Amino acid sequence: MKYFPVIDKRPVFKEWQTQATSDAAALHAWADAYPGCDFARITGESQGFFVLDVDNKNSVSGTASLQEFDINLLGDNVVNTRGGGYHIYYKWPKGRTVPQKVGFRPGLDTRANGGYVVAYDVATTGEEQVAVDSLPEAPASLLSALEEKKTVVATQVEPGEVMEGGRNHYLTTVAGRLQRANLLTQEALMSINERDCHPPLDDQEVASIVNSVGRYDPGNPVAMPEGLLWAKDLLTPMMNYLQDKDLVKGEPTGLDAMDALLGGGKRLGELDVTVGSGKTGKNTLWHQLLLHWLGKNIPIAYASRELSPETEVLPNLLTIFFKQNMLKATTYDMPKILAALERWRLVFSPGYGSFPPEEMLPWMDRCRAEGIRHFFIDHLHYCLDDPEDFKLISNFIRKLKSYCKEHSVHIDLIVQPKVTQPGERLSLNSMRGGASIGQALDNLWTLQRVRNEQGDNTNVMEVRLEAARSKMARLGTFYLEYNPDTMSFREVIPVSDGDSQETVGAHGKRIN
């Protein structure tokens with residue numbers, strides 16, 4: 001069987017059909033390159049099998065639909081999935097065609113030529129032990145049902161769930177609904193195609209559907225004067241947002257405690273501000289989170305004006321990635337270092353020192369043109385010629401916030417605090433230009449070192465979500481202990497003597 005890496009059920013590279021392999025060394029290399037990824041296996045005639053995917057979700061019972069075909073769920077060809085359903089493997093029938101169909105019965109899909117199934121952790125699902133040579137024949141009633149011309153497409157689908165064999169019918173149905181609401185446009189249908197279909201239908205086919213369905217009278221909607229933004233005009237973008245739960249929750253950071261406070265992760269359209277005193281560990285924490293996203297093949301743009309990318313940022317990232325201090329090393333494995341840098345979809349802003357606002361936004365435009373939607377701006381006040389010019393700070397912060405909303409990107413921003421007294425708690429008022437920043441930010445994080453009874457700093461850092469706009473988020477605090485040898489953090493609970501004890505449970509996760 002041939003495998004390839006996936007994240008959130010989606011291939012990490014476009015060439016998955018040709019790059020999939022059974023070579024163990026290649027699979028281990030992918031696992032190192034994409035930490036936390038799952039593995040999927042290709043289905044189809046060339047592999048000798050197809051899979052009946054049984055879903056039990058969204059009030060649909062695929063298990064109940066199996067009764068029509070008298071299928072046994074106790075066979076060696078049946079594997080439980082994480083979502084409470086099943087993958088049922090069948091030998092490819094000689095001389096017959098098995099189409100990929102989504103929802104040919106409630107909760108039943110097929111994965112065949114051009115498809116794949118996610119095997120997750122094969123050690124726990126048992127999917128690795130499925131023997132192709134001894135797979136049973138598919139029931140004749142099932143094959144006959146798959147050859148039926150009429151296909152019932154599921155009314156609720158997850159992104160990427162509509163596959164070959166059901167895409168045209170699905171998009172035509174959606175186009176009909178949009179046309180009846182007088183909302184059908186080629187742009188809207190192409191967006192739905194990219195979100196729901198895997199692989200997406202060709203643009204020319206989508207345009208053909210729009211032209212065909214668009215000939216029908218949408219009805220007699222109430223005439224509304226043009227030039228105003230009516231509520232009905234926002235139906236499509238609103239539903240695209242509400243139905244995309246990954247977008248509502250945001251992109252997980254890899255740090256459970258932070259994700260719990262945010263209610264999921266960092267969201268597009270939001271501006272996160274981090275404030276912390278010097279030597280707190282804010283840059284190292286940032287690099288941990290940044291490396292987690294790079295491991296998921298998420299492109300990132302980094303504007304650094306305090307830290308030099310080649311002498312500080314990249315050496316720090318490589319130290320965390322290889323668990324070897326790059327600054328103290330005497331020998332370097334250049335092929336591995338080059339492989340890591342080529343794998344990371346990470347771009348830096350040019351130059352050093354100040355970064356005029358009139359130059360930063362065009363740079364962000366160029367990054368967006370390359371598909372980048374996550375920006376890290378390292379120390380705002382180092383970007384500006386005059387960090388005490390509060391009017392300049394106020395205007396710039398508002399521009400960044402508007403940019404987030406208008407272009408649906410996420411910006412992480414470090415802001416230097418005013419000079420504080422030992423033990424003084426950081427807050428919105430601790431920042432230069434705090435009032436202006438407070439009006440624009442979506443999430444405010446404060447980072448402070450925990451002191452022991454003697455008043456000395458420890459390696460424990462308090463991370464506090466001081467302010468948040470999203471209803472998904474909740475304010476709160478957690479603590480991280482820094483290990484300088486491995487440049488890694490673990491969540492801890494501080495105790496009175498200044499030491500720390502490791503948290504027990506889900507939030508005791510080490511970030512590597």
Given the conditions (1) surrounded by fewer than 16 Cβ atoms within 10 Å (Cβ to Cβ); (2) under 30 Å from Leu289 (Cα atoms), which single one is not true for Ser22? (2)
Restricting the stretch 494-510 to residues that are surrounded by 15 or more Cβ atoms within 10 Å (Cβ to Cβ) and not small (Gly, Ala, Ser), the residue that is modelled with the lowest pLDDT: His507
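In the stretch 47-62, which residue that is over 16 Å from Ala138 (Cα atoms) and in contact with a helix residue (DSSP H, G or I) (Cβ under 7 Å, 6 or more places away or on another chain) is modelled with the highest pLDDT? Quick ask: steps written out before the conclusion?
Narrowing the stretch 47-62 to residues over 16 Å from Ala138 (Cα atoms): 55-62.
Then drop every residue that is not in contact with a helix residue (DSSP H, G or I) (Cβ under 7 Å, 6 or more places away or on another chain), which leaves 55-56.
Numbers: Asp55: 85, Asn56: 80.
Checking each candidate, the answer is Asp55.
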For Gly265, indicate whether it is of a type in the set (Gly, Ala, Ser) and under 16 Å from the mean Cα position of the chain (by Cα). yes
Filtering the stretch 38-64 for residues that are surrounded by fewer than 21 Cβ atoms within 10 Å (Cβ to Cβ), closer than 23 Å to Thr97 by Cα and hydroxyl-bearing (Ser, Thr, Tyr) leaves a count of 1
Flagged pairs (Cβ under 9 angstrom, 6 or more apart or on separate chains; first in the stretch 33-52, touching a residue at least 12 places away in the same chain (Cβ under 8 Å) and over 24 Å from Lys296 (Cα atoms); second of a type in the set (Ser, Thr, Tyr) and part of a loop (DSSP other than H, G, I, E, B)) are Glu45/Thr97; Phe49/Thr43; Phe50/Thr43; Val51/Thr43
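Going through the stretch 1-28 one residue at a time, which ones are assigned to a helix (DSSP H, G or I) and within 26 Å of Leu135 (Cα to Cα)? I'd like the intermediate steps shown before the answer.
The first filter runs over the stretch 1-28 and keeps only residues assigned to a helix (DSSP H, G or I), leaving 16-19, 24-28.
Those that are assigned to a helix (DSSP H, G or I) and within 26 Å of Leu135 (Cα to Cα): Trp16, Gln17, Thr18, Gln19, Ala24, Leu27.
Please count how many residues of the stretch 285-323 are among the hydroxyl-bearing types (Ser, Thr, Tyr) and more than 15 Å from Leu346 (Cα to Cα). So that I can check it myself, show each step before the final result.
Restricting attention to the stretch 285-323, the residues satisfying the condition of being among the hydroxyl-bearing types (Ser, Thr, Tyr) are 302, 304, 308, 311, 319.
Filter once more, so that each one left must be more than 15 Å from Leu346 (Cα to Cα): 311, 319.
Number satisfying all stated conditions: 2.
Please state which one of Asp272, Asp233 is touching a strand residue (DSSP E or B) at 6+ places or on another chain (Cβ under 6 Å) and acidic (Asp, Glu). Outline the logic, then answer.
Working: Asp233 fails: touching a strand residue (DSSP E or B) at 6+ places or on another chain (Cβ under 6 Å).
Asp272 is the lone residue from the list that is touching a strand residue (DSSP E or B) at 6+ places or on another chain (Cβ under 6 Å) and acidic (Asp, Glu).
Just checking, how many residues over the stretch 245-259 are touching a residue at least 12 places away in the same chain (Cβ under 8 Å) and either surrounded by fewer than 14 Cβ atoms within 10 Å (Cβ to Cβ) or not in a loop (DSSP other than H, G, I, E, B) (or both)?
Qualifying residue count for the region: 8.
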Search the stretch 300-343 for residues being surrounded by 21 or more Cβ atoms within 10 Å (Cβ to Cβ) and of a type in the set (Phe, Trp, Tyr), and hand back the single one that is farthest from Ala369 (Cα to Cα). Phe321
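Which residues, taken from the stretch 303-335, are among the aromatic types (Phe, Trp, Tyr) and either closer than 17 Å to Pro35 by Cβ or in contact with a Pro (Cβ under 7 Å, 6 or more places away or on another chain) (or both)?
Within the stretch 303-335, the first condition is being among the aromatic types (Phe, Trp, Tyr), and the residues that meet it are 321-322, 332.
Within the stretch 303-335, Phe321, Phe322 qualify.
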Please verify whether the stretch 87-99 includes one or more residues that are β-branched (Val, Ile, Thr), under 27 Å from Pro252 (Cα atoms) and buried (at least 18 other Cβ atoms within 10 Å of the Cβ). no
Taking the stretch 132-159 as the search range and keeping residues that are aliphatic (A, V, I, L, M) and modelled with pLDDT under 90, which one is surrounded by the fewest Cβ atoms within 10 Å (Cβ to Cβ)? Val132
Restricting the search to the stretch 29-46, which residues are in a loop (DSSP other than H, G, I, E, B) and touching a helix residue (DSSP H, G or I) at 6+ places or on another chain (Cβ under 9 Å)? Tyr34, Pro35, Gly36, Cys37
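Would you confirm, using the coordinates I've provided, whether Pro362 is within 20 Å of Ile411 (Cα to Cα) and either assigned to a helix (DSSP H, G or I) or under 22 Å from the mean Cα position of the chain (by Cα) (or both)? Give the derivation first.
Numbers: within 20 Å of Ile411 (Cα to Cα): yes; either assigned to a helix (DSSP H, G or I) or under 22 Å from the mean Cα position of the chain (by Cα) (or both): yes.
Yes.
The values are calculated or read from the model by the stated rules, or taken from the named source; none is laboratory data. None of the values given here were measured: they were computed from a predicted structure. All Cβ positions, even for glycine, are placed from backbone atoms using ideal geometry, and neighbour counts span all protein chains on display.
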